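One structure below.
The values are calculated or read from the model by the stated rules, or taken from the named source; none is laboratory data. None of these values were measured; they are calculated from a predicted model. For neighbour counting, all protein chains shown are included, and Cβ atoms are generated from backbone atoms with ideal geometry for every residue, glycine included.
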Amino acid sequence: MTAPRLDIDLEKVRHNCRTLVDRLAPKGIDVTGVTKAFLGASEMAQAMLDGGATSLGDSRIENLQAMRGFSVEAPMRLIRSPMLSQVDAVVELVEISFNTESSVISALSLSAAQHGIVHGVVIMVELGDLREGVMPDDLSDLVALVMSLPNVRLAGLGTNLACQTGVIPDVAKMDELSRLSDSVEVEFGIDIEMITGGNSANLSWALSGVDTGRINNLRLGESILLGRDPLHRQAIDGLHTDAITLVAEVIEAKDKPAMPWGDVAEAAFSGQPERTGDGTIHQAILAVGRQDIDPDGLTSPTGIDVLGASSDHLVVRTMPDAISVGQEVSFELNYSALVRAMTSPFVERTYTEHPVLAVAP
């Protein structure tokens, strides 16, 4: 097989999605499968849908176009604020987009009218993470604008936390979103169909046994693909953390000094590699680098430690004779490493369908 590559077990992805869907359903929360980490690959999108996701969400028009081109049949949502330059594509491709700007919503209204359709607008509310969102005090004005414009409708309210500054989507934040939704309904005499509380970071809150209030949708990507809680990168009980693995090939394996010698300045990617030890170590190089992955986001097999990486080389320390030239080594990835690997044109993808065994507690 070609390396480097991502080995993707679609049945494990499906299992992870189904497990989360089943746990959230009793709370009245459905799941939007987030496809942006895998560039809208139809195989992965279908695995999420087969796992019970009721819709798909992506932040890039190109990924949504790819899924439509591969005839993925599902409601699709643009979960990043639309660019003004792309409003025509937005109304043609997706039923709903997430918005914060009055000028964009007005442009969506005009474009939707020209296409003879009604476009759904979810207004995102800023609750502290300082990424996208209208300030709560300004929410009524933006709702009023949507209500006044032709060919757009208020499809819901939402928020996003934990992505920019790490603010936790806790009980207080989610209760605030519920209160804001109640207030908008009373003020405008409407029923809001979707209140989307956030992303995979919301699972600790949603599954903790608390009253989840008005929240009826979460947008899940990392938890489905990697089986981990983004807040602390911990494995989620019952989910597979190895649904996607990175495989790289060894191109050098030699005994070398533990520490560099000579005058030392900044390395190619700034700073200096952190190396420790005395004497000689067994060092290996794999044919993958920072252009393809985030080396800090790799979890190595037992007995292999990542020492550093340049653009095309991943340097590891291993036990003598543990790996040899031509051998392949598999790594688990975090979200940062996954996104970079999926984006790299030098990393292939292979899809498998293995029967899923119960995940060890």
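Numbers below:
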{"read-out": "Residue list for the range 199-218, filter: out of contact with any helix residue (DSSP H, G or I) (no Cβ under 8 Å at 6 or more places or on another chain) and either touching a residue at least 24 places away in the same chain (Cβ under 8 Å) or surrounded by 24 or more Cβ atoms within 10 Å (Cβ to Cβ) (or both)", "value": "A201, S204, N216, N217"}
{"read-out": "Qualifying residue in the range 272-290 (condition: under 17 Å from the mean Cα position of the chain (by Cα), among the polar types (S, T, N, Q) and in a strand (DSSP E or B))", "value": "no"}
{"read-out": "Among the candidates L307, L246, residue that is in a strand (DSSP E or B) and modelled with pLDDT of 95 or more", "value": "L246"}
{"read-out": "Neighbours by Cβ (under 9 Å, 6+ apart or cross-chain): first from the range 17-41, in contact (Cβ under 8 Å) with a residue 60 or more places away in the chain; second among the aromatic types (F, W, Y) and surrounded by fewer than 21 Cβ atoms within 10 Å (Cβ to Cβ)", "value": "A37/Y335; A41/F70; A41/Y351"}
{"read-out": "Sole residue being under 13 Å from G28 (Cα atoms), touching a strand residue (DSSP E or B) at 6+ places or on another chain (Cβ under 8 Å) and among the small types (G, A, S), chosen from A206, A243, A235", "value": "A206"}
{"read-out": "Total residues in the range 134-176, condition out of contact with any helix residue (DSSP H, G or I) (no Cβ under 7 Å at 6 or more places or on another chain) and over 17 Å from S200 (Cα atoms)", "value": "12"}
{"read-out": "Tally, over the range 182-238, of residues that are on the phi > 0 side of the Ramachandran plot and of a type in the set (S, T, Y)", "value": "0"}
{"read-out": "In the range 1-32, the residues that are under 20 Å from the mean Cα position of the chain (by Cα), closer than 30 Å to P345 by Cβ and among the β-branched types (V, I, T)", "value": "I8, V13, T32"}
{"read-out": "Residue within the range 230-239 that is closer than 16 Å to A53 by Cβ and modelled with pLDDT of 95 or more present", "value": "yes"}
{"read-out": "Where M194 falls short, out of the listed (1) within 22 Å of A172 (Cα to Cα); (2) touching a helix residue (DSSP H, G or I) at 6+ places or on another chain (Cβ under 8 Å)", "value": "(2)"}
{"read-out": "Sole residue being touching a residue at least 24 places away in the same chain (Cβ under 8 Å), more than 23 Å from N216 (Cα to Cα) and more than 23 Å from the chain's Cα centre (by Cα), chosen from L145, L93, L139", "value": "L145"}
{"read-out": "Residue within the range 271-281 that is at pLDDT below 95, over 30 Å from A162 (Cα atoms), among the charged types (D, E, K, R) and surrounded by fewer than 12 Cβ atoms within 10 Å (Cβ to Cβ) present", "value": "yes"}
{"read-out": "Criterion: β-branched (V, I, T) and within 25 Å of G238 (Cβ to Cβ) - qualifying residue of V34, V72", "value": "V34"}
{"read-out": "Filtered residues of the range 126-185 (kept if surrounded by fewer than 16 Cβ atoms within 10 Å (Cβ to Cβ), part of a helix (DSSP H, G or I) and polar (S, T, N, Q))", "value": "S140, S148, S183"}
{"read-out": "Residues satisfying the stated conditions in the range 60-80, i.e. surrounded by fewer than 18 Cβ atoms within 10 Å (Cβ to Cβ) and of a type in the set (S, T, N, Q)", "value": "Q65, S71"}
{"read-out": "Count - residues of the range 310-353 that are charged (D, E, K, R) and assigned to a loop (DSSP other than H, G, I, E, B)", "value": "3"}
{"read-out": "Those residues of the range 102-118 which are over 14 Å from A155 (Cβ atoms) and surrounded by 15 or more Cβ atoms within 10 Å (Cβ to Cβ), in sequence order", "value": "S102, V104, S106, A107, L110, S111, A113"}
{"read-out": "Residue tally, condition modelled with pLDDT of 95 or more, under 23 Å from the mean Cα position of the chain (by Cα) and of a type in the set (S, T, N, Q), over the range 316-358", "value": "5"}
